[in-house]
1. Probe of 1.4 angstrom, ligands and nucleic acids ignored: what's the accessible area per residue over the stretch 78-161, in square angstrom?
2. Quick one: check the C-alpha center-to-center distance for the stretch 146-197 versus the stretch 83-127, whole angstrom.
3. What's the extension gain from residue 67 to residue 137 if we count 0.36 nm per residue and subtract their Cα-Cα distance?
Amino acid sequence: MKNLIKKSLLIVAVLATVVIKATNINNNVKVNVIDLKLIDLKLKNTDGNLTISVKDAFGEVLYTEKFEENYFSKKYDLNTLPTGNYYFEIEGRTRINLMPFKVTSKGFEFKNNVESTYYKPIVRQDGDLVFISKIAFNKEEFEINLYDQQLNLLYREKLNGDINLGKKLNLKNLKSGNYSIVMKSAGKVFKQKVYKE
């Protein structure tokens, strides 16, 4: 059933791609209701390459696509979805926006705004020093894990209680090689490779 839903959404989204003009887009993500279960998602992109997904209440991806331009507009036919809770996830270079909606037997319920925004962590390496920062407007917990090439956990720390979270790691006492930083926040996992010379 889920595979059928995924294929149906993919076919509808591919067939429903529309050509847009910059004058039709405002600076925010906007959804226009076209029919009972047909919507047009529009956005102006200022956050690098995007991944736009439709997910169910359990976080399972039903449809996803990549987008690299400045303006986006696509029609989504929600008739293929069974009743339940879903959301659009719009992931860019620095943030992830969530727009929930509910499919009912009579149509769907949709608030025309971004309900949640999660900012991705930023990792910067300067020699043996690794700087990690995360904006947590929702004061979500931020977990940092450092692993070696054999996936042995070398370091773990949980940060919370502030909007600006940050940590500096010093790799000077580690052997030369590749290491992985795995960061977790608000149910999302972010990975970054670092190197010790």
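The values are calculated or read from the model by the stated rules, or taken from the named source; none is laboratory data. In this text the structure is predicted, and so the values were computed from the model without any measurement. All accessible areas refer to the heavy atoms of the entire protein, side chains included, with ligands and DNA or RNA removed. Shrake-Rupley method; radii C 1.70, N 1.55, O 1.52, S 1.80 Å.
1. Dividing the accessible area of the stretch 78-161 by its residue count gives 56 Å².
2. The stretch 146-197 and the stretch 83-127 have Cα centres separated by 25 Å.
3. 22.6 nm
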